[in-house]
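Inspection log for the structure reproduced underneath, given as C-alpha cells.
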Amino acid sequence: MLYHHVALECHRAVTPDQKNELDTFFAKKPRWYGFTGTPIFDENARQEKGQNARTTEQQYGPCLHKYTIKDAIRDQAVLGFKTEERGAVTENSDNEDSRDLAKQYLSKTHMHAVAKSIIESSYRFLGLYNMGHRGYSYEAIFTTSSIKQAQEYYKIFQKIINDQDEYKIPRRIKEQLPDFPKIAITYSVAENTDEAEANQNEMKASIDNYNKMFNTNFSMSNLAAYNTDVNNRLSRKMPQFKARNQQLDLVIVVDRLLTGFDAPALSTLYIDRAPMPAQNLLQAFSRTNRIFDQDKKYGQIVTFQYPNKFKEAINTILALYTDGGGNEILAPSWEESISRFNIAEKEVVKYDVTSSYNITQAPDDEQKSFIKAYQDFDKNYAAIQTYDKFNNLDMEKEYGLDDAYVEEMRAAYEVCKENQKKPIDPEPDPEPDLFDPDYVLESWDQQTINYEYIMQLIQAYIPSEDRSVAISKSAIEEIDRYIERLSKKNPSLAQIMAELWLNIQMDPEKYRDRQVNELLQEMVEEAEDKQLRQFADEYCLDLINLKFVIHNYDPELKDSEVPGLNELLQDPHAFEEYVNKGGSEKTRLKWRKAVRKGIKELYLSGIINM
C-alpha cells in the first residue's frame, strides 16, 4: 500500500539519485522537510549529471528560514574560528598545482616538520600550559590526504613518543603532561582491494598500541567497537573518559569524525591536505567550535598545505555561509589583536598602582575609569595569549610588565572594584558604571595567580645574599587575608601555609636562600604522606596502591571506574588483617564501603585537592 501523503527528511546522505528514486516510488510526490548547516549553492554546486539537482534549492525547494553560524555565535551557542596557515613549503600562485609541490607535501621532511609543529603548538592550542591548575587539557583531530599518509604520520609520532627520533618533546610540555601525546588513528579498512592486507596489518599494529595505552582488548574482528571507543574517548561525555589516564590527545583521520561528531573538549583541527569543498570544509571546522569552558575562546584551525588555496576556500565559506558576517566567525589576526592590546596597555599603565598613595585611594570617578581600563587590558591580554607569536614576546622587556607589576595592577583592580560595590537598590541607577560589575578576569586563572603572587610576597621575607628582608605592612596583611580565604576552600593546605608563614616571620634567617615554593611543597608532601599512612594503617591497605588511587581519583567517576580502586579493595589479606586488629567494620562489604567513603572524604577535604 502506498500512502498519498508522505513527509521525508532532507539529509545530506540523500543523493540526488536517491531522491529521484524516492520521488518516483511514491504515488504522489512526497513532501520533504529538514535543515542543514551547509547547503550547496551555485558557487559550490555538484558536478552536472543529467537532470539531477546540483544545489540544495534545486533538490528541495526554496529556503524558508536562515539561521547562520553568525547567528549561532551571536547567541553564544558556538564559538568562532581562528585559522592559521603553516605551510612548511614556500609556495606561490604559479606553482601551487605543480606535481613537485605535491611531492614535497608527501616528503618525510615536510611530514616530520608538521609532526613537530603539532606537538609544539599543542602547548597553547590544547591548553597544556594550564593543565596543572585546570586539571584537564583539550584535544585535536589531524586529517590527512590519504590512508597511507595517515599511517606514515602515525609511525612518525610513535617514534617521537618512544624516544626513537632525533626530535624530543619539549621539556615544558613534559613538565605539564608527562604522557603527552596519546595518539590513535582511525580509517576505513576495505577487504577486497590491492592495499587491503597492508592496511589491515597497519591497523592491527595501531590497535595493539591502543590496547596497551588504555588496557583494552580490541582486535580486527571487532573493529567497529574500536572505532566507537575512539569516538567515545574523544567526546569525553561518558564519566569513565573524564580521567586523564583515559583520554586521547590527538586522533589521526582521513575523513572520519569530520562531520556529525560532537566533542566539546576538541579545540583544534590540524589539516595536512588540500582544501575540501566548502560545505565539507565548514563541517570539518565545526568539530572544533563547541563551547566547553571559559578558556576555550575559538575553534583552532591549522593548515599545512596550500596556504593560498586555503585562504580562498575560507573566503568562500565566509561568503556562502555567514550571510555577510565573516568578521563575526573568524578570530582577529595577530596584528589586529596586538594593536588592540597596545592601546589597552598604554591606557591602563597611566594609573598609579605602586606608590603608597595609589589609585585605590583616588576619587571614585578615577577608580571607575581605572577599573574600565583594566578590564580592557585584561580582555586584550587574554586575547594575545592565544596566539603562538605571544611566545616570542618579552613582556617585561617590551612593556615593563613583569609578574610583580601585573599582580599589583590586579590587586589594585580588586580593591577598586570592592570600593565601588553598591548596596542593593530597588531603583535603577540612571547613570550606569563605565565598567562591567560582573566581569570575570580572563588573562589568567585567578586562583593560580593569587597563589603564585602570595608565594612571591612570602619569598620577599626570606633573606638571601643579594636581598635583605623587605616586605611592607600591606603585603603582610595581604598574605594573611589570602590564607584566611584559602582556609574556607582547602583548610589542610591553609593550615600548612599558615604554619610555614609563621615560622618564616619568627626566624627568617633560618630559611636564608631557600625557595618558599620548595619549602611549602616539602611540608605538603610530608602532611599528605602522614594522612595517607594513617588511613592505610586504619584499614590495613597497601600504601603504594592507596597513593595511586588518591592521585588518580575523580569524584565524578563511579567507584568501579576509579583507577586502582577495585584492586585495592580486592586485596585478599587486607580485610583479614583489619579484623584481626579489631576493626569496627565486621563484614567485608561494610569494610569496603567505609574505605570508599573514606577515600572520597580524603580527596575532597585533603591537601591533595589543591
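The values are calculated or read from the model by the stated rules, or taken from the named source; none is laboratory data. It should be emphasised that the depicted structure is a prediction, and the values quoted were computed from it without experimental measurement. Methodologically, a virtual Cβ is constructed for each residue, glycine included, from the backbone with ideal geometry; neighbour enumeration extends over all protein chains shown. Heads up: the accessible areas ignore ligands, DNA and RNA and are worked out on the full protein's heavy atoms, side chains in. Shrake-Rupley method; radii C 1.70, N 1.55, O 1.52, S 1.80 Å.
Condition (residue is without any contact (Cβ under 8 Å) to a residue 40 or more places away in the chain, of a type outside the set (D, E, K, R) and exposed (fewer than 14 other Cβ atoms within 10 Å of the Cβ)) applied to the range 593-608: is it met by at least one residue? Give the steps one after another, and end with the answer.
First, pick out the residues of the range 593-608 that are without any contact (Cβ under 8 Å) to a residue 40 or more places away in the chain: 593, 596-597, 601.
Those still in the list that are of a type outside the set (D, E, K, R) too: none.
The answer is no, given that none of the residues of the range 593-608 is without any contact (Cβ under 8 Å) to a residue 40 or more places away in the chain, of a type outside the set (D, E, K, R) and exposed (fewer than 14 other Cβ atoms within 10 Å of the Cβ).
If the condition is being open to solvent by 50 Å² or more (accessible area, probe 1.4 Å) and among the aliphatic types (A, V, I, L, M), then the range 557-579 contributes only Val579. When you look at Arg533, is it assigned to a helix (DSSP H, G or I) and open to solvent by 70 Å² or more (accessible area, probe 1.4 Å), yes or no? Yes.
Among the residues examined, Leu401 does not qualify as touching a Gly at 6+ places or on another chain (Cβ under 7 Å), surrounded by 18 or more Cβ atoms within 10 Å (Cβ to Cβ) and among the hydrophobic types (A, V, I, L, M, F, W, C). Taking the criterion of being open to solvent by less than 20 Å² (accessible area, probe 1.4 Å), of a type in the set (Lys, Arg) and at pLDDT 90 or above, the only residue of the range 265-306 that qualifies is Arg287.
Taken together, the residues in the range 247-258 that are crowded, with 18+ Cβ neighbours inside 10 Å and either assigned to a loop (DSSP other than H, G, I, E, B) or without any contact (Cβ under 8 Å) to a residue 60 or more places away in the chain (or both) amount to 7.
Note on the range 493-530: residues that are farther than 19 Å from Ile458 by Cα and open to solvent by less than 30 Å² (accessible area, probe 1.4 Å) amount to 1. Filter the range 346-360 for residues that are surrounded by fewer than 20 Cβ atoms within 10 Å (Cβ to Cβ) and in a helix (DSSP H, G or I); which is farthest from the chain's Cα centre (by Cα)? Applying the filter and picking the extreme gives Thr360.
Considering only the range 447-503, state which residues are part of a helix (DSSP H, G or I) and at pLDDT below 70.
Here is the first cut: in the range 447-503, the ones part of a helix (DSSP H, G or I) are 447-459, 473-489, 491-503.
Matches in the range 447-503: Gln447, Thr448, Ile449, Asn450, Tyr451, Glu452, Tyr453, Lys488, Lys489.
Residue count for the range 548-592 under the criterion of being touching a residue at least 12 places away in the same chain (Cβ under 8 Å) and within 19 Å of Gln246 (Cβ to Cβ): the result is 19. Tell me, yes or no, whether the range 141-152 has at least one residue that is modelled with pLDDT of 85 or more, within 16 Å of the chain's Cα centre (by Cα) and open to solvent by less than 60 Å² (accessible area, probe 1.4 Å). Looking for residues that are modelled with pLDDT of 85 or more, within 16 Å of the chain's Cα centre (by Cα) and open to solvent by less than 60 Å² (accessible area, probe 1.4 Å), one finds at least one in the range 141-152, hence yes. Within the bounds of the range 161-180, is there any residue that is open to solvent by less than 10 Å² (accessible area, probe 1.4 Å), more than 24 Å from Ser286 (Cβ to Cβ), at pLDDT 90 or above and part of a helix (DSSP H, G or I)? Checked against the condition, which is being open to solvent by less than 10 Å² (accessible area, probe 1.4 Å), more than 24 Å from Ser286 (Cβ to Cβ), at pLDDT 90 or above and part of a helix (DSSP H, G or I), the range 161-180 yields no hits at all. Flag: Glu328 does not match the condition of being part of a helix (DSSP H, G or I), open to solvent by 50 Å² or more (accessible area, probe 1.4 Å) and either modelled with pLDDT of 85 or more or among the hydroxyl-bearing types (Ser, Thr, Tyr) (or both).
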